[in-house]
Number of protein chains: 2
Amino acid sequence: MIATKGYAAQTKDSGLAPWNFDRREVGPHDVQFDITYCGVCHSDLHQINGEWGGEIFPMVPGHEIVGRVVAVGSEVTRFKVGDLAGTGCMVDSCRNCESCQKGLEQYCLNGNTLTYNSLEQDHKTPTYGGYSNTIVVNEDFVLHISEKLDLAATAPLLCAGITTYSPLRHWKVGKGHKLAVLGLGGLGHMGIKFGVAFGAEVTVLSTSPKKEEDARKLGAHNFIVTSDPAQLKSAMGYFDFILDTVSAEHDYNQYLALLKTDGVHICVGAPPTPSALTAFSLIPGRKSIAGSNIGGIAETQEMLDFCAENNIVSDIELIDIKDIHPAYERMLKGDVRYRFVIDMATLK
Amino acid sequence: MIATKGYAAQTKDSGLAPWNFDRREVGPHDVQFDITYCGVCHSDLHQINGEWGGEIFPMVPGHEIVGRVVAVGSEVTRFKVGDLAGTGCMVDSCRNCESCQKGLEQYCLNGNTLTYNSLEQDHKTPTYGGYSNTIVVNEDFVLHISEKLDLAATAPLLCAGITTYSPLRHWKVGKGHKLAVLGLGGLGHMGIKFGVAFGAEVTVLSTSPKKEEDARKLGAHNFIVTSDPAQLKSAMGYFDFILDTVSAEHDYNQYLALLKTDGVHICVGAPPTPSALTAFSLIPGRKSIAGSNIGGIAETQEMLDFCAENNIVSDIELIDIKDIHPAYERMLKGDVRYRFVIDMATLK
């Protein structure tokens, strides 16, 4: 076994603290890489706090993981020692179901294996995430990372990046489209970057007028303060797509009114409680409200390659792992531009 | 002016009673046809009861109208005296907006003119519907009706037919798809017929086990009683599409769970009150919930031609206009197989 250092939550009320654990030996199809950086996702906090139910403790969070390969299994062909490597939200899936066969491992019908707080495909071995110094992953779930990009700022692409890239590609958002990005946080700021890169006219919808300057710096063409009824009214029927990154409660009907005929409201943020929806928001313009979850492995690689070609990374604040709790507190207040990334050298 | 006999509601509490009124003279682009049959739509009752707000009284309901042309304007080229003709939910639209230019007059951005309880494009002349002996409509909103089909049973195609045909075509439902039709009423029974005609495997979802025999007679391949948790559970992740014809309150999340990855739940029924929707019903399978409203004029003609070729009509009960109130009462109880149609000869 491989002795590993990490930060773990021991129970749902414990918060995170240093924890030593073992990772499996490098199997024939495995890649081991030492973790250089790991992004901090909102879902890390939800899960260590036990907010989603069914949590597995001890829990080592983290699913925006980049580093350098230190060992490869005998059958591994796609990686060699010294390569940059990354892993996102998944480390395995059934590989046989209709979704997996289509490269949609994120929708695996038999249950994929998430990077942490999940079970391997043996349905008994827990997985531990990227708040740690090294990780062993089947090569099919390891991504190539370009040497061209800032490595720390690349980490959040593995979750925040693919979560926004995938739906914009799936719904073919691009030139001639008017895209609204609802919420300007870790997901929203990537939504702006991809929307602009794909050629759409991008408008940020935010409750906070203070975010306008940042939104425009990130490339947004327009900004609407959603708490101002006049601004909202002026945008009625304006957008082809809304990329909804908000995970606090909000009224879908209010935003559906901003869509054109055949417009699509795409949820990538998931509020904890249901929201009231009336069919009258959908029927008069053949509108849709849809959801999208991260992306498949092939698409994640496509996104990383696209980012390398187009020089797209996340805007980040690098932190010491000892500062993870204050970072969570700031994240809860929306006080981060726009993703915390842990410098894993601080774990030593 | 053209002296016209009809049944009208004089106020929101009055119910319907005979009423004489005038229709405009036949203009150069108008077609006048004497009404032989008019279907009875649930929305007729909502509107005469003033349930949707903004009603215009006196109100002559009816928007599933068929009959025979008795006069045409000097510029009319598409109809001649003696032709069968039909009119559905719309009699005009702005004709200039993005939707109208695409043949989506049902989504006219400047407000289309509905067949009754609406205003002409002059924004002041009220429209009166098909519970009457004759009607004058601009030829662009008059449909050709085949002599091959039972005329009375054709009337409901103008609303119930196009409302279910249009979304199934828009989402390209056909061979290889598993389609659920939620609710077996006026809309649902047409949804079955079209789903089967398009080659889909059709399953009816209904609260009432008594409807199974009828569902199968109408062509459905499967039947699920939605009040039976075991039957619902067995259909989890099974359907590509759900055509939701239910206008009573229901839980969208329960039905979204029955969809496959990328499945679409299409609302054509509109419950009066909002329903709780959680993003967790949409995100894990990239699912959508969408709405659809009748169809454009060109598509309505396409549907009528498809029905003539494939011998598809509505299952109806023909009534005397004097029995409209008991018919409404039965309709409210779901006691109609599957659409009441008024024999307009009984108006004389």
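The values are calculated or read from the model by the stated rules, or taken from the named source; none is laboratory data. Owing to the predicted nature of the structure, the values given are computational and were not obtained by experimental measurement. We place every Cβ from the backbone using ideal geometry, glycine too, and count neighbours over all the protein chains shown. Heads up: the accessible areas ignore ligands, DNA and RNA and are worked out on the full protein's heavy atoms, side chains in. Shrake-Rupley method; radii C 1.70, N 1.55, O 1.52, S 1.80 Å.
General remarks:
- Sorted peptide list for B:152-160, B:246-254, B:123-131, B:14-22, criterion being average Cβ within 10 angstrom, highest first: B:152-160, B:123-131, B:246-254, B:14-22
- Ordering of A:95-104, A:312-321 by packing [mean C-beta count within 10 Å, highest first]: A:312-321, A:95-104
- Mean per-residue shielding of peptide B:260-272 is 4, counting Cβ atoms of other chains within 10 Å of each Cβ.
- Here is how the number arises for the protein assembly as shown: DSSP H runs of 4 or more residues each give -39500 (n - 2.57), the sum is divided by the residue count, and the result at 222 nm is -6000 deg cm²/dmol.
- Extending 7 Å from the Cα toward the beta-carbon at both B:Asn49 and B:Phe280 defines two label points whose distance is 3.5 nm.
- Anisotropy class of the stretch A:151-227 from Cα gyration tensor, a/c 1.5 cut: oblate
- Percent of beta bridges antiparallel (DSSP, chain A, rounded to nearest 5): 55 percent
- When each of A:Lys5/A:Lys124; A:Lys172/B:Lys287; A:Lys260/A:Lys287; A:Lys287/B:Lys172; A:Lys211/A:Lys287 is checked by Cα-Cα distance, pairs over 19 Å: A:Lys5/A:Lys124; A:Lys211/A:Lys287
- Whichever aspartates and glutamates have a C-alpha closer than 14 Å to that of A:Lys210, once near sequence neighbours (fewer than 8 apart) are set aside: A:Asp228, A:Asp335
- Nearest 10 degrees, 0 to 90: helix B:297-310 Cα axis against chain B principal axis: 70 degrees
- Lys/Arg +1, Asp/Glu -1 at C-beta; the stretch B:161-291 dipole; positive extreme among B:Tyr238, B:Pro272, B:Ala200: B:Ala200
- Partners for A:Lys217 among lysines (Cα-Cα distance below 22 Å; same-chain residues under 8 apart left out): A:Lys175, A:Lys178, A:Lys193, A:Lys333
- Distances in nm from A:Ser146 to the matching label points in the other copies, shortest first (labels 7 Å along Cα to Cβ): 5.7
- For the stretch A:161-291, the orientation-averaged shadow of the C-alpha convex hull comes to 7.1 nm² (one quarter of the hull surface).
- For the pair A:Asn311 and A:His144, a Förster radius of 22 Å applied to the C-beta separation gives a FRET efficiency near 0.85, rounded to the nearest 0.05.
- Inter-copy separations for A:Val81, label at 7 Å along Cα-Cβ, nm, ascending: 9.8
- Cα centre as origin, Lys/Arg/Asp/Glu Cβ charges: chain B dipole, Debye: 760 debye
- Rolling a 1.4 Å probe over the protein heavy atoms gives the stretch A:124-219 an accessible area of 33 Å² per residue.
- Here the calculated FRET efficiency for B:Gln10 and A:Glu249, from their Cβ-Cβ distance with R0 = 45 Å, stands at 0.50, rounded to the nearest 0.05.
- On Cα atoms only, tilt of B:160-170 relative to the major axis of chain B in degrees: 60 degrees
- Where A meets B: accessible area buried, both sides, 1.4 Å probe, Å²: 2900 Å²
- Its relative contact order, with pairs defined as Cα atoms under 8 Å and 6+ residues apart, puts the stretch B:161-291 at 21 percent.
- Angle of helix B:186-197 to the longest C-alpha principal axis of chain B, folded into 0 to 90 degrees and rounded to 10: 70°.
- Largest-first ellipsoid semi-axes for chain B, taking √(5λ) over the Cα gyration tensor eigenvalues, angstrom: 34, 21, 20
- The stretch B:99-126 and the stretch A:258-299 have their alpha-carbon centroids 27 Å apart.
- Of all DSSP beta bridges in the protein assembly as shown, antiparallel share, percent nearest 5: 60 percent
- Accessible area expressed per residue, the stretch A:14-110, with surrounding protein chains retained (probe 1.4 Å, Å²): 41 Å²
- Take every pair of alpha-carbon atoms less than 8 Å apart whose residues are at least six positions apart; their mean separation over the length of chain A yields a relative contact order of 17 percent.
- The accessible-area loss of the stretch B:287-305 on complex formation, taken against its chain alone with a 1.4 Å probe, reaches 10 Å² or more at B:Lys287, B:Ser288, B:Ile289, B:Ala290, B:Gly291, B:Ser292, B:Asn293.
- Charges were assigned to the Cβ only: +1 to each Lys and Arg, -1 to each Asp and Glu. The resulting dipole of the protein assembly as shown about its Cα centre is roughly 160 debye.
- Label 7 Å beyond Cα on the Cβ vector: B:Phe57 copy-to-copy distances, nm: 6.5
- Computed over the protein assembly as shown, the percent of Cα pairs more than 39 Å apart is 42.
- Percent accessible area from carbon and sulfur atoms, the protein assembly as shown, protein chains only, probe 1.4 Å: 51 percent
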